[in-house]
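Scroll down for the structure; my scribbles are underneath it.
Readers should treat all values here as calculations from the given coordinates under stated rules, not as data from a laboratory. Quick caveat: nothing in here was measured; it's all calculated off a predicted structure. Quick reminder, even Gly has a Cβ in these numbers, built from the backbone with ideal geometry, and neighbours come from all protein chains shown.
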Amino acid sequence: MSDTKVYLLDGGSLVIDGFHAFWNRGPAGELRFPCYAVLIEHKDGRYIFDTGYDHAHVMRVLPFEKPLQTPDQTIPGALAKLNLRPKDINFVINSHYHFDHCGGNKHLTHACTVCHAKELEAARHPQPFEHLGYSDATFSPELVKARGQKLPPDPALDIYTPKFETISGDQEIAKGMWLYETPGHTAGHYSLMVELANRRPLLFTADACYSKKNMDMMVISSFHLDPVASVQSLVRLKELATKHDAELFYSHDPESWPGYIKAPGYYS
Ligand code: 5PN
Ligand code: ZN
Ligand code: ZN
């Protein structure tokens with residue numbers, strides 16, 4: 001049996017304002033941050049936790065976020081560098097359905113798609129202030145239809161109907177892979193901890209904590225459903241990291257990102 005391996009797939013970067021990254025604290029001004037996907041090679045299959053953003057979608061809907069993404073930073077491009085194809089992925093887990101975490105889902109047509117039950121419901125019926133965040137549902141005709149929207153015409157897209165599997169509560173979804181409920185940023189947000197044979201566990205905060213600075217300052221980001229729950233989730237992540245001696249990996253951290261091992265390197 002081979003050990004679990006974890007690859008970070010660079011997905012390019014976006015720009016937001018400092019007041020959004022550090023809600024009501026700032027400082028204001030353009031902040032460019034990384035986005036990435038996490039590939040887990042596990043004895044039970046290949047899992048991807050989050051899939052980054054789709055460049056064409058961001059250019060169409062949020063061009064002011066100035067996306068920078070090379071072909072190698074798309075899901076098919078990043079997998080190709082590892083000699084993998086999209087159909088080799090067995091499970092897609094989304095921390096939540098914001099566009100910068102599910103943009104690559106549409107390529108993973110052979111995977112079972114897993115999220116929190118509350119997240120799927122939120123993606124079907126976003127609050128008015130969540131529309132930009134949940135703007136990329138192009139991977140799911142069912143979601144687009146639930147919202148009364150139409151898929152943008154894109155003949156290049158091989159639209160499929162993903163097999164949704166919803167879960168709730170904290171779950172060990174495969175041996176050593178733990179999903180922890182960290183709501184607040186969205187209704188059904190999950191963070192992921194992966195236990196490895198040769199080192200401390202990795203704890204991927206996803207958008208429950210954008211960066212180390214958010215954690216150190218206990219300042220949440222904007223784009224949240226519930227700010228009080230968001231702060232509680234920051235506290236929870238800190239406690240989980242202590243309890244399991246886990247290393248925190250933040251979702252959008254320009255300062256920590258250079259120190260992370262990126263694919264083709266991996267953690268094991
Ligand atoms: C990167 C980013 N930009 C805008 C939004 C939003 O409106 O909800 C979530 C989000 C983002 O993650
Ligand atoms: Zn988000
Ligand atoms: Zn995000």
So for segment 193-261, using the alpha carbon gyration tensor with a ≥ b ≥ c as root eigenvalues (a/c under 1.5 gives rounded; past that, a/b versus b/c decides prolate or oblate), I'd call it oblate
Given the peptides 104-112, 257-265, 198-206, 184-192, arrange them by the average over their residues of other C-beta atoms within 10 Å, most packed first. 184-192, 104-112, 198-206, 257-265
How many angstrom separate the Cα center of segment 185-234 from the Cα center of segment 22-60? 13 Å
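Direction-averaged shadow area of the convex hull around the Cα atoms of segment 90-207, nm²? Working shown, then result.
On the way: hull surface 31.0 nm².
That works out to 7.8 nm².
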Starting from the 7 Å offset along Cα-to-Cβ, what nm value, one decimal, do you get for the label separation of E142 and I261? 3.7 nm
Using only the Cα atoms, what convex hull volume per residue in Å³ does segment 1-146 have? 124 Å³
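Within 14 Å, Cβ to Cβ, of P27, how many net charges do the neighbouring residues add up to if Lys/Arg are +1 and Asp/Glu are -1?
On the way: positive: R25, K213; negative: D17, E30.
Surrounding charge for P27 is 0.
Pulled fully out, how much extra length does the chain show between W23 and H125, if you take 0.36 nm times their separation in residues and subtract their Cα-Cα distance?
Values: separation 102, 0.36 × 102 = 36.72 nm, distance 2.44 nm.
In short, 34.3 nm is gained.
So if I place +1 on the C-beta of Lys and Arg and -1 on the C-beta of Asp and Glu, and nothing else carries charge, what would the dipole magnitude of the chain be about its Cα centre? I want it in debye, nearest 20. Please list the in-between numbers first.
Details: 26 positive and 32 negative charges, 54 e Å.
Charge dipole, the chain, about its Cα centre: 260 debye, nearest 20.
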With the convex hull built on the Cα atoms of the chain, state its orientation-averaged projected area in nm². 13.0 nm²
Quick one: if you stick a label point 7 Å off each Cα along the C-beta vector at T166 and K81, how many nm between them? 3.5 nm
Whose amide H sits under 5 Å from the amide H of H189, counting only residues 5 or more places off or on another chain, with H placed in the peptide plane? T182, G184
